[in-house]
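Quick notes on the structure that follows.
The values are calculated or read from the model by the stated rules, or taken from the named source; none is laboratory data. Note that the coordinates shown come from a computational prediction; the quantities given were computed from them, not determined experimentally. Counting neighbours? That spans all protein chains shown, and the Cβs are built from the backbone with ideal geometry, glycine included.
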Amino acid sequence: MVRQELVARQLDEQIAGRFAVGRRLRVLDVGMGQGTQALRLARAGHQVTGVEREATMIAAAREALAGQPEGIRERMRIVEGDGRDTGVHFLPGSFDVVLCHGVLMYVEEPDPLLAGLARMLAPGGLLSLVVRNGDALALRPGLHGDWAGALAAFDTTNYRNRLGLDVRADRLSTLTAKLAGIGAPLHTWYGVRVFTDTAPDGTTPPDDLDALLAAEERAGRTDPYRAVAALLHLCGVRG
Ligand SMILES: C[S@@+](CC[C@H](N)C(=O)[O-])C[C@H]1O[C@@H](n2cnc3c(N)ncnc32)[C@H](O)[C@@H]1O
């Protein structure tokens with residue numbers, strides 16, 4: 001919940017700074033999961049296409065969409081498929097905003113996926129990536145007092161996530177070079193979850209949630225805090 005809210009605020013800031021107020025944007029959300037951001041953007045008036053490969057997630061997204069007013073339902077399209085196949089489903093340059101949040105960790109060879117996402121963007125379009133921060137993997141085990149885990153995490157970008165899956169993180173410098181290489185150079189980056197990464201999933205929001213979000217939001221845009229966030233939110237712009 002904290003993650004979704006922080007990413008939403010950061011994304012809205014980027015959209016507001018890049019596109020005219022009230023413009024209906026064409027948004028592609030690759031690996032949309034149950035569609036939290038996709039649905040939010042459709043509610044905000046944008047034309048949203050969500051791509052997802054897991055049938056259970058597609059079902060959850062469809063159910064959430066079904067409960068929306070007709071005008072919103074008409075603005076959102078759900079495509080079952082692999083995010084690496086965007087070129088099969090859509091024409092190059094046909095989106096103003098492309099999201100890929102929490103997906104790269106599951107993709108062993110991210111380069112073709114990233115290149116495909118950049119190709120989907122119209123000139124001046126925004127690419128929004130949320131990735132596990134590969135520069136700060138020792139922090140989570142370290143803050144839990146798992147010293148062996150912390151030491152092992154310094155020299156790798158592989159990690160085991162909270163679901164017990166062996167996945168991969170991305171370093172800011174590596175992704176910065178990749179974004180430049182695919183024609184969507186890095187414009188802005190944020191940290192996501194600096195102070196709250198050790199809270200277990202599903203933790204009940206505290207009474208002072210607004211203050212928590214304000215502190216996280218501030219840290220996510222402030223050095224040196226943002227560099228050790230659990231997640232990085234990178235925003236590239238298509239040249
Ligand atoms: C951690 S969830 C994130 C969901 C959503 N983007 C969010 O930020 O809440 C990752 C999602 O990416 C999907 N995914 C992973 N690899 C994918 C791929 N190659 N193509 C399409 N979806 C993929 C998974 O099925 C899962 O629903």
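Listed values, structure above:
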read-out: Options Arg43, Arg53, Arg84: the member that is on the phi < 0 side of the Ramachandran plot, more than 12 Å from the ligand (Cβ to nearest atom) and either free of Cβ contacts under 8 Å to residues at least 60 places away in the same chain or surrounded by 14 or more Cβ atoms within 10 Å (Cβ to Cβ) (or both); value: Arg43
read-out: Verdict on Ala184 being in a loop (DSSP other than H, G, I, E, B), in contact (Cβ under 8 Å) with a residue 60 or more places away in the chain and not polar (S, T, N, Q); value: yes
read-out: Qualifying position, being farther than 20 Å from Gly181 by Cβ, within 16 Å of the ligand (Cβ to nearest atom), surrounded by fewer than 17 Cβ atoms within 10 Å (Cβ to Cβ) and small (Gly, Ala, Ser), among Ala152, Ala64, Ala148; value: Ala64
read-out: Criterion (more than 20 Å from Val167 (Cβ to Cβ) and either crowded, with 20+ Cβ neighbours inside 10 Å or small (Gly, Ala, Ser) (or both)) met by exactly one of Leu121, Leu137; value: Leu121
read-out: Enumeration of residues in region 146-180 that are touching an Asp or Glu at 6+ places or on another chain (Cβ under 7 Å) and modelled with pLDDT under 95; value: Arg160, Arg162
read-out: Contacts under 7 angstrom Cβ, first residue in region 110-121 being in contact (Cβ under 8 Å) with a residue 12 or more places away in the chain, partner among the aliphatic types (A, V, I, L, M) and part of a helix (DSSP H, G or I), 6 or more apart; value: Pro110/Leu104
read-out: Residues of region 188-222 satisfying the condition of being assigned to a loop (DSSP other than H, G, I, E, B), among the basic types (Lys, Arg) and at negative phi; value: Arg221
read-out: Some residue of region 57-78 being of a type outside the set (A, V, I, L, M, F, W, C) and closer than 30 Å to Val194 by Cβ; value: no
